[in-house]
Amino acid sequence: MTRPIVMPYEWMSKPTPHEEWISGEGKLIWLALFFMEVGAGLCFFSIIFDNLLGMLSGWFIALALGGGSFLVHMGKPLKAYRAIMRPQTSWISRGVIFISLFGVFGAIYIILSYRGVDLNLLPLQIITGVFCFLVALYGGVVLSYVRALPLWNTGLLPMIYITAGFWGGAEVLLGISLLMGSSVESIELWIRVLLPFFALLVPLYLMSVRYSSETGSLSVRRILAGDLCPHFYVGVVCLGLVIPLIVLAYSIWAGVGAAPHAIILFAIICGLLGDLTMRYCIMKASLYTPLI
Amino acid sequence: MEQKPFEIIEDKWVPTTCGMCYGMCAIRVRVVNGVPIEVEGNPESVMAGSNGGICGKAHAAIQMVYDPYRVNYPLRRTNPKKGIGEDPKWKRISWEEAIDEIVERLGKFHEKHPEEVGFMSSPPTGADPACLFATLLGRKFGGTMLMPGPTQCANASHEPAGMNHCSWSVTPDFRYANYAIFFGAGKGISSGHSMVMLAGLRADATARGLKTVAFDPVCHQQGGKSTEWIPVLPGTDLAVALSMANVLVNELGIYDREYLERKTNAPYLVKNDGTYVRDERGEPTLWNIDENKPQPWDRPNLGNTSLEGEYEAFGEKCRPAFSFIKEHLKQYTPEWAEPISTVPATTIRRIAKEYGENARIGSTIEIDGVILPYRPVSCAIFRGGSGHSNGFHTFMAVDLLNHLVGNCEVPGGCIGWVTRSFGYPQTGMPAFGPAPSKEGFLTSSSWHRGLPATWPHPEPKLNTGVPTVASVFTLSTAEPVLVSEERENLFSKLGITSRMKALMMEGANPLMNTAGHQAMAEFLGGLEFIVHYQLYCNETSDAFADIVLPDASTLETLDILQSELYHFHYPMGMLPMEYHLRQPVVQPLHERRPIREFVLDLAERLGILPQLNEALNSYPVSTGCNPPLDPEKKYTWEEICDAFLTSKFGSEHDLEWFKDHGFIRWKKRPEEPYWKPFINARSCIYMEFLIDQEKMTKAILEPVGIELDWTQYTPLISYFDAASYKVKDTEFDLIAFSYRDVLFGGTHSQGLPWLRECAKMSPHSEMFCINIDTAKNRGIQEGDMICVENERGKKVKGKVHLVEGIHPQCVASTSHAGKWSDSQPLGKGKAPFFTALLESNFDNWCPVGLNPETSARVKLYKAEDTK
Amino acid sequence: MRWGMVIDLTRCIGCFSCVLACKQTHFLPPGVFWPRIVIGETGKYPATQKQLLPVLCNHCSDAPCQQVCPTEATQVREDGIVWVDHDKCIGCRYCVVACPYQHRTYLDDQLDKEYFPGKGLTPIEEIGRKLYPLQKGTTVKCNFCIERIDEGLKNGLSPGVDREATPACVNNCPAGARVFGDLDDPMGEPSMLIRERKGSQLRPEFLTDPSVWYVRY
Ligand SMILES: Nc1nc2c(c(=O)[nH]1)N[C@H]1C(S)=C(S)[C@@H](COP(=O)(O)OP(=O)(O)OC[C@H]3O[C@@H](n4cnc5c(=O)[nH]c(N)nc54)[C@H](O)[C@@H]3O)O[C@H]1N2
Ligand SMILES: Nc1nc2c(c(=O)[nH]1)N[C@H]1C(S)=C(S)[C@@H](COP(=O)(O)OP(=O)(O)OC[C@H]3O[C@@H](n4cnc5c(=O)[nH]c(N)nc54)[C@H](O)[C@@H]3O)O[C@H]1N2
Ligand code: SF4
Ligand code: SF4
Ligand code: SF4
Ligand code: SF4
Ligand code: SF4
Ligand SMILES: [Mo]
């Protein structure tokens, strides 16, 4: 389709695509949410599996790449501190608080575990873990809170986002572990849960939006049969779901860790790309309901 | 962020008038530190919309002041080659140089052949049509008047509206109206005179229940905003109006007998050859039922006159004109009109019935103690409906619907622009008004081109010494032959040896706005010398002008003449009367000079200043200047304005007073807007004059072998196909037409950034429109690039917008769009250049008023380079 | 006290005066519109209804833009006006995304743009930057001409009645299609219009409770 979804003169007289957070520098938000959530997911599992490198990478991905994208996108980054002013209603305020605290606790945790201090880190692990969870959660909530966009305005969206975040985090950790040569079995077990769950959530989500409203259904149509269907079928379905699922099935069949590393790494990259594409589709396909 | 302190030295509102279209609305402009920053309607004046509202265009006037693409200095063409696409290679020259050259080159003509110099001006602008420049300077120079843009203006509406309403155009009297029908007129919505004033009146009326019906091929502005949209094929309004008249007269028997008897020529006795039965003096007669004998129309006590029946008068068998009309209308049944217009017969009947019933024939209303007939229904038509080769009859047919219910110039009915004024009470000025004339018809006290009257029409005469046939086609307000492909053929056959050699243009963009624009290009290309007084270099100047002079725009100009010309620019109906000053809110920037001052200088240099002063003294006709200007003296334009103002409104209301107050107001009496009952004169519904007109025109044209469709010279308002329906090639299956965009006035505003930005929200502004079904059949999609081609193979490309709200047999775009000049790059190439589809020749002219056909039979297909 | 506007679609002629009046009075840069006209149609030929719908920020009393704003830059005043304090705005654009009517614009490079590209700023634009400074990197929208209302009230004028205290788009509407006043005043013109002509809000299903109402045929 060469024709844009709406012509300038059709603005809000036809279902009108959301642009702000996905066109031009708006793409930074798409990336920010991806990095933050995958980073947080990575930290989460790194804490569980006590992987310092993973922790450090997760922290870096979430804060520097995620938070950084967010800051770069901001019109007045020097005033970013103001963003914590309205946690009562604003999920960005909450998110900024979450990510700040995640950053602080994460840093403390990293420093302490690097120093190898002789302390019980469990409380800190729990606190940091909780913030990882909140950071991975809030991005989806930020979107789902937008009543104006039926594609976002559903409880399933945060579920998808957090699942994707954790799955992505787990995959990155899996990759790191593979490269470091440490054991991967228990991580893979997580993936065995998260990936099928994600694979189940995606159609569930799309179907529920499809029947929610006319505009929602148009958004879903864009993903399944419209301008975004190449992204969806190649990126999400093929790269993000089919390939990882095949590899997963193989490793279930052949036993944990049986697949060659290269193939697993390949599947991990595919999975991450699939996640990114899924997020892109969700950002891009969202439509506002026309005013006429 | 710290803001540098900004000191406001001056912050004032200046009252003046808008010139972004010819509405001349009252505005005020906020000027801060010498910079005009805001335009709004003048809330104190009624010559704006509701509570001082204005339209979108008006705001952009301040952008026009600072538009970097304006002409700021006199320019001379240095590329001797002329033509579309030639770079003129403008070179800045001084005013002295420019005037010297103009005086030298015009002086040559002035001595021997002044008629070889054309004077042209431009209606849709603040430049003030044909006023000081053409009508006064041009006439005193002895030049030939020329209005090529409006060869397809509402040409076909002006002459008959003048004849029947003493006005250039007609509109519903919204204040008292309950039901109004539009046959292709944007009144109070998008276009036409006093657009914004009418918008306010119309909105109030709509809010209290006015029903509006728009016969219009497109459902956008008038169609979209009326209570009911009835799609009609362009150029077929004539069929609809005639069949409605038939329903009223022959099916419902609804007509205003008394009005027809007293206020029209319906009772005039007509012989079987179509001419009147005249008395010894040659005046028409009518039949007195009480005395059972014929009597002249002007006998003091007319008694009961007959509208029907057969009589014998002065030895001739005869019938009242109305009985001919009544019988003649019988053929025009709604069933007959349906296939022509595509309006269902049931709809025509219903609308006719609603119209007739709402007319409340016989009812009266008391306004300010005066009892007047009350007819809250009306039919209005203007450029859209009448811009066809059957335009004369179309206007007359629609107007017949008015006369049948007796609604002309009475409350709620169909009224013209301010035609009668008793003047400002203290001075009795300006006073003007309609009066009875020959054959009992109305005539106005002033008319366009400085003509004194709307009736009788000048007799067709051939004058071989001037380069125009305007004297032959006297029912045309703008003779198109001169600039058309027919010129050489017709001129040589008629033995007209004179040719136009030079042209003085004020505003205007004839190359873009004239049907047959290639012939226009040839005409312009054949001239020796063209001076274009302009705000912008446009397509016409770039291709053909030798000298371009920089005018001051409305907001930089002092003027009173916009309050004088044909009395448009006064408040309508029972709104109080106002006379406005236009004044500069900012002094002309750069070397721009208001054309008024230039005209005085030029007149002086050409030695015609005394004549010009004298002409001003009696301009327009009855209201001029008193004490008169001294013909020998050179006045400044300020002095002339001051003299005009004090002569009209007393010495205390001088220019300074007007600069402070903007305008003067006084109350009208009901007899002014609703004058018809008080003037013993009639409108024409039986066009007997066409019989003589035909004879005289034929006598000139037939001997040289020029055939017109003489059948249109019939006294009985009749149906004729518009030219677009004479094309038989079925491949050309669509009718293309244009309509005005509320966002733009003429071509020049097309380059103003604010308006362009708004146009992006409006698909109508930049694209062709066709019906979704029409598109489907051709595999065309929204936004596709299409090509529209007329039967001569002229092609216009543009993007297409698909809508439900357009007649499926039509393709439309806005008029005045599609600029191509680099001189106004922001307006360049933004929309289809519709006018290229129109042809200007005898096949496409209304044989009566020479109104060019403004729709075209076309085919439409996807252009190769889609998107 | 709740300021509100009623737009009478039977009166409106779609002339864009409201759009440009706002642009001029707020010196909005190229590409930025606070009010707009949404053009469309409903119904099949020949029963087509043209829609020329003037829209502006609805000053929702349940305003998503305010709820999502993390900085308190977007505020809902006691009198119902939803406005942006540009000194507080960080330009995150969450409000832009969240407004179901899409009435918010993030000011990016628009302020660097000239109305006549490449030709420098016109004196109007230059003076505008001083009289009505807007900040790059913040989000803007219709503010119900808050500056006129506040200034007018200070001078004892009543918005909606006195011109100086009334929004520019209302003053400039040639058809009297826009009426401004206190929605809480049952005898005020807006309330009466809404009552008598069965006014409605745009897309009530968005559950934002707009202060802008429409009356139709
Ligand atoms: N297809 C199609 N063609 C049409 C029509 C249509 O409906 N459809 N309509 C026809 C009609 S009704 C008309 S009247 C003609 C109009 O035809 P034109 O008279 O040619 O009208 P404009 O294009 O407005 O040209 C006006 C010119 O005057 C200049 N101008 C504006 N204001 C001033 C001023 O204050 N001083 C000076 N010196 N110049 C000024 C502008 O720069 C512009 O170049 O077009 C006709 N052409
Ligand atoms: N905004 C704006 N206002 C203007 C001008 C301008 O350029 N812009 N120009 C001024 C000038 S010079 C003039 S002459 C007047 C003209 O004023 P109008 O005559 O009102 O102008 P148009 O828009 O050309 O035509 C009016 C309507 O007729 C419809 N129409 C077209 N063809 C037909 C037809 O065959 N039958 C019927 N029933 N309807 C038809 C069109 O769709 C349109 O809705 O406007 C003046 N006012
Ligand atoms: S209708 Fe014409 S004169 Fe009146 S405000 Fe609009 S542009 Fe100006
Ligand atoms: S100014 Fe009034 S009439 Fe014009 S578009 Fe706006 S609301 Fe409608
Ligand atoms: S319309 Fe949009 S910007 Fe205006 S108050 Fe409502 S949500 Fe906020
Ligand atoms: S862009 Fe400004 S006003 Fe909008 S949500 Fe962010 S901080 Fe608030
Ligand atoms: S109320 Fe004021 S700020 Fe809002 S659209 Fe109207 S003019 Fe613009
Ligand atoms: Mo015209």
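The values are calculated or read from the model by the stated rules, or taken from the named source; none is laboratory data. The shown structure was predicted, so the numbers you read here are calculated from the model rather than taken from an experiment. Every residue, glycine among them, receives a Cβ derived from its backbone with ideal geometry; neighbour counts consider all protein chains shown. With ligands, DNA and RNA removed, areas are computed over all heavy atoms of the protein, side chains included. Shrake-Rupley method; radii C 1.70, N 1.55, O 1.52, S 1.80 Å.
With the other protein chains left in place, how much accessible area per residue, in square angstrom, belongs to the protein assembly as shown at a 1.4 angstrom probe?
On a per-residue basis, 33 Å².
Amide H to amide H under 5 Å from B:LYS799: which residues, 5+ apart in sequence or cross-chain, H placed 1.01 Å off N in plane?
Under 5 Å from the amide H of B:LYS799 lie the amide H atoms of B:PHE768, B:ILE786, each far enough along the sequence or on another chain.
Please work out the C-alpha center-to-center distance from region A:89-162 to region A:235-292 and express it in whole Å.
Here the answer is 23 Å between Cα centres.
Only helices at least 24 Å long along their axis, Cα-based, and averaging 0.5 or more on Kyte-Doolittle count here, so list those DSSP H runs from chain A.
Counting only whole DSSP H runs, the qualifying helices are A:27-48, A:91-115, A:122-144, A:156-180, A:185-210, A:261-285.
Between B:ARG605 and A:ILE269, take the C-beta separation as r, use R0 = 51 Å, and let me know the FRET efficiency to the nearest 0.05.
Calculated value: 0.05.
In µm²/s, what is D for region A:159-201 at 10 °C and 1.306 mPa s, where D = kT/(6 pi eta Rh) by Stokes-Einstein and Rh is the Kirkwood radius from Cα pairs?
The calculation lands on 153 µm²/s.
How many partner chain Cβ atoms sit within 10 Å of a residue's Cβ in peptide A:79-88, on average, as a whole number?
5
Excluding residues fewer than 8 places away in the same chain, name every one of the lysines whose C-alpha is closer than 28 Å to that of C:LYS136.
Partners found: A:LYS27, A:LYS76, A:LYS79, A:LYS284, B:LYS4, B:LYS760, C:LYS23, C:LYS88, C:LYS113, C:LYS119.
What nm value, rounded to one decimal, do you get for the distance between C:ILE146 and C:ALA47 when each label is placed 7 Å out toward the C-beta?
Result: 4.6 nm between the two label points.
Hey, which lysines would be in cross-link range of B:LYS438, C-alpha to C-alpha under 16 Å, not counting anything within fewer than 8 residues on its own chain?
Leaving aside lysines fewer than 8 places away in the same chain, those within reach of B:LYS438 are B:LYS263.
Sequence-distant or interchain residues sharing an amide H contact under 5 Å with B:ILE230, placed H: which?
The list, which skips near neighbours in sequence, is B:ALA214, B:PHE215, B:ASP216.
So how much accessible surface do A and C hide from each other in total, probe 1.4 Å, in square angstrom to the nearest 100?
When A and C are taken together, about 3300 Å² of accessible area is lost.
When DSSP assigns beta bridges and you keep just the ones with both residues in chain B, what percent turn out antiparallel, to the nearest 5?
Percent antiparallel among DSSP bridges in chain B is about 60.
Given labels modelled 7 Å from the Cα in the Cβ direction, how far is it in nm from B:ASN79 to C:MET192?
6.4
Counting pairwise Cα distances across region B:142-249, what percent come out greater than 18 angstrom?
That fraction is 57 percent.
First measure r as the distance between the Cβ atoms of B:GLU864 and A:SER23, then evaluate 1/(1 + (r/R0)^6) with R0 = 45 Å and state the FRET efficiency to the nearest 0.05.
E between B:GLU864 and A:SER23, to the nearest 0.05, is 0.90.
Compute accessible area for region C:28-49 by itself and then with all protein chains, 1.4 Å probe, and report residues whose area falls by 30 Å² or more.
When all protein chains are present, C:PHE33, C:ARG36, C:VAL38, C:ILE39, C:GLU41, C:TYR45, C:PRO46, C:THR48 each give up 30 Å² or more of accessible surface.
Relative contact order, percent, of chain B when contacts are C-alpha pairs under 8 Å separated by at least 6 residues?
Computed over chain B, the figure is 17 percent.
Need one number: buried accessible surface between chains B and C, 1.4 Å probe, both sides summed, DNA, RNA and ligands left out, in Å² to 100.
In total, chains B and C hide about 4900 Å² from solvent.
Using a 1.4 Å probe on protein heavy atoms, which residues of region B:28-43 have at least 30 Å² less accessible area in the complex than alone?
Buried-area filter returns B:VAL35, B:ILE37, B:GLU38, B:GLU40.
Which length gain, in nm to one decimal place, applies between B:ASP87 and B:LYS667 when the Cα-Cα distance is subtracted from 0.36 nm times their residue separation?
203.3 nm
In the protein assembly as shown, what percent of the accessible surface is made up of carbon and sulfur (1.4 Å probe, ligands and nucleic acids excluded)?
56
Round to a whole angstrom and tell me the spacing of the C-alpha centers of region B:385-421 and region B:675-732.
17
Return the calculated 222 nm mean residue ellipticity for the protein assembly as shown, to the nearest 500 deg cm²/dmol, obtained by summing -39500 (n - 2.57) across DSSP H runs with n ≥ 4 and dividing by the residue count.
-10000 deg cm²/dmol
With θ set to phi - 60° and the Karplus curve 6.51 cos²θ - 1.76 cosθ + 1.60, what are the ³J(HN,Hα) couplings of region B:289-306 in order, to the nearest whole Hz, using x for Gly and Pro?
Using θ = phi - 60°, the values come out as 6, 4, 9, 6, 7, x, 8, x, 4, 9, 5, x, 9, 6, x, 7, 10, 8 Hz.
Could you quote the convex hull projected area for the protein assembly as shown, Cα atoms only and averaged over all directions, in nm²?
Its average projected convex-hull area is 56.8 nm².
Whole-Hz ³J(HN,Hα) for each residue in region B:508-521, computed from phi via Karplus 6.51 cos²θ - 1.76 cosθ + 1.60 with θ = phi - 60°, x for glycine and proline: what do you get?
Taking θ as phi minus 60°, the curve returns 6, 9, x, 5, 8, 10, 10, 4, x, 5, 6, 5, 4, 5 Hz for region B:508-521.
Once the mean 1/r over all distinct Cα pairs of chain B is inverted, what Kirkwood radius in angstroms do you read off?
This gives a value of 27.6 Å.
For region B:77-122 and region C:159-217, what is the separation of their Cα centres, given in Å?
For region B:77-122 versus region C:159-217, the Cα centre distance is 56 Å.
Which whole-Hz couplings ³J(HN,Hα) result when phi for each residue of region C:48-65 is put into the Karplus expression 6.51 cos²θ - 1.76 cosθ + 1.60, θ = phi - 60°, listed in order with x for Gly and Pro?
7, 10, 6, 10, 10, 9, x, 10, 7, 4, 7, 6, 4, 7, 10, 8, x, 4
Would you pull out the residues with amide H under 5 Å of B:LYS211's amide H, same chain only if 5 or more places away, H placed 1.01 Å from N?
B:TYR179, B:ALA180
If I model a spin label as a point 7 Å beyond the Cα along the Cα-Cβ vector, how far apart are those points for A:GLU214 and C:ARG77 in nm?
Result for the modelled spin labels: 3.7 nm.
Quick one: how many Å² of B:ARG349 are accessible to a 1.4 Å probe, rounded to 10?
80
Rounded to the nearest 0.05, what FRET efficiency do C:LEU207 and A:VAL104 have when you use their Cβ-Cβ distance and R0 = 45 Å?
Step by step, r from the Cβ atoms, then E = 0.75.
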